[in-house]
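The next block holds one structure in the form of C-alpha cells; read it before the comments.
The values are calculated or read from the model by the stated rules, or taken from the named source; none is laboratory data. Being a predicted model, the structure only gives us computed values, none of them experimental. Cβ placement follows ideal geometry from the backbone for every residue including glycine, while neighbour counts extend to all protein chains displayed. These accessible areas exclude ligands, DNA and RNA; they are computed on the full protein's heavy atoms, side chains included. Shrake-Rupley method; radii C 1.70, N 1.55, O 1.52, S 1.80 Å.
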Amino acid sequence: ASRLSDFAHFDVAGARILPIATLGAAGEPVMLLVVGRDRYAGGGVGGPSPIFRLRSVAQVVTLEPVQDLPISGCTSMAAVAAHGRVFLLAAFGVSANKKAAAMVWNSTAFEILQELDTLGRDLEPFVVGGRLFVVLASDYGASVVYRWDDVAGHLVRSVGLTWPAAMAAAWLGCKDDVAFQDAGEQPCHGLAADACGDEAVRLACGRLCGCSHDFNAFALGSQSQSASTVRVLEVAVNGSSGDLFVRRTADTRVSGLLHNLCVLYVPTHDEVYLAVAAAAAEDDAGMPGASMYRWDRSSGLFKLAQELGLSEATSCTCVSGRKVSFVLASSELHASSTNWRSPSHLFLTEGRFEWELSDWSACSLSCRLRGPEVSMRNRTAVCLALPSRTAYHDGACSGMPRPITEEECRVPLCEVATYAWRVGIWGSCSGECGYGTRPRLVECRAVSGTTISG
C-alpha cells in the first residue's frame, strides 16, 4: 500500500495547498500555499491572508509571495476551475461570525465575488455533470450544498444536510486537479473507457480513465468528546433543476478529535485515501494527530492505512500528482508568534515499494581445498520507493520477504598437483687433487613442468 514520507517543514500555521493548473504558464500546474489564519514566522495574528507559490528546484521547496487576499481569519480555503473561471472559496467558522465567501481570479489576482448566506467551518468544491457544487460544512446547525447558477452568475443553495456539527468535508468522486495526462500527453479525464486497457495509459491515468462520474460521493466529518465520525454521502444530479439528491451510505469512526479532511488519489494503485487531521482527546493523549485511511468503495468504509507521527493537526491538503503526490498537514492549536516548532509538515506519497538488488559479487574463492573453507558471494538489497526511486528503510518493504544477500558459491575442488625432484648432471670438480666440490641443478617441479620456488 502507499506510504508517506516527511519531506519538508514550513514555519507557517494553518496552511493549505491549492493546486490550480489553469493559472500556470504553458499549462504548468501552480500550487498556492495559503496561510489560513495569518500566522507565519516573525508575524502575529490578523491582517489579510497571504498566498505563496510553492516551487521545487532540485528537491528544495521554496515559497514565493503572490498576493495578500482581501480576507482574513479564514478556517478553510479551496480552489476549483469551472464554468470558465477559477474560484477561491473561504470559510471562517462560527466563532468569527463571518459568512463564507467566494472569490474569482481576474487574470492578475483574486477578488470577492459573493458572500454565501451561511456560517461554516470548512468547504469543498466539486464538479458533477459540468456543474460546480460547493459543500459548506457547518459546526453550528445544518451544512449546505450550493450550486453554480449561470443565469444569476453566482452560487445558490441546492440542498441542506441534516447531519449536525460537521467539522470538514471532502469530495471522493472523480477529480483532476493537476491535469493528468497519459503517455501520449492526452488528458486522462477525456479518455474513453476502452483506452484504459493499455497498461501505460492505466498506469498514468488510473481512476481518471474515462472519468464519467459513475459514482459520486463526498465525506463529512464530525467530532464528539471522545471520538470522531466520517460519513459518506452519495450524490446524483436532478437533470431538470440541476440540484443534488443526497443519500447516506456509510459511517466510519476515526481516531482523535477530527478537525479537517482531505482526499489523496494514488494513480498507480487506483486507490483513494482520506487524510484525517485530528487532535488527541483530553483523556487520551496518545491518539495520533494525523492518519491516512484507505477507502473501500464496496462498503463505503475507511480503513486505517498509516499514522503520520504528528501529535496534532488541524488542517490538511492533498495534491495528487502524476508521479509523486503530496499531503500537507498543519497545526494551529499551539502556534503563536513566540513559540514556533515547524507546525506545517509536507509529506510525499509513493505508489509502491519493492526490493532492488545489485549484481552478485565475484566468489571469494575460485576453488576450495578439502576442509572447512568455503567460497562466498554477496549482493545488496535496497527497499526502493516507486515512482520516485527513493531508498527507504527495510520496514517499508515489510510486506515482501527480504531477498537473500549472501550465499555459498559452488566451486570445484582445487587441483592437487604431483611434484618430483628433477636432478641435473654433475658439473666439473673444483679441484684437481685432494678434496673439491662439484655442483648440479636440483628442482622441485610439478608434473606439468612448472618450477616451484623454495
Problem set entry | Amide H contacts of D243 (H built 1.01 Å from N, under 5 Å, at least 5 apart or other chain) | N238
Problem set entry | Nitroxide proxy distance, nm - points 7 Å out along Cα→Cβ at W360 and Y435 | 6.5 nm
Exercise. Taking every pair of alpha-carbon atoms in segment 400-440, what share in percent sits in each 10 Å bin, from 0 to the bin with the longest distance?
Worked result: 17, 18, 14, 12, 11, 10, 9, 6, 2
Exercise. Excluding ligands and nucleic acids, what accessible area in Å² is computed for R157 using a 1.4 Å probe, to the nearest 10?
Worked result: 120 Å²
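Going by accessible area, probe 1.4 Å, with all protein chains left in place, what is the ranking of H393, H259, largest first?
Working: H393 120, H259 30 Å².
Largest accessible area first, the residues go H393, H259.
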Problem set entry | FRET efficiency, 1/(1 + (r/R0)^6) with R0 25 Å, evaluated for A391 and L413 via beta carbons | 0.05
Exercise. Arranged from highest to lowest average of other beta-carbon atoms within 10 Å per residue, in what order do the peptides 241-249, 79-87 appear?
Worked result: 79-87, 241-249
Exercise. What order do D198, D139 take when sorted by accessible area (1.4 Å probe), most exposed first?
Worked result: D198, D139
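Using heavy-atom solvent-accessible surface (probe 1.4 Å) with all chains present, what is the largest-first order of W105, W295, W421?
My answer, sorted largest first, is W421, W105, W295.
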Exercise. What is the gain in length, in nm to one decimal, between S375 and H154 on full extension, counting 0.36 nm per residue of separation less the C-alpha to C-alpha distance?
Worked result: 71.8 nm
Exercise. Tell me, in nm to one decimal, what length is gained between S428 and D68 on full extension, where the rule is 0.36 nm per residue of separation less the Cα-Cα distance?
Worked result: 118.5 nm
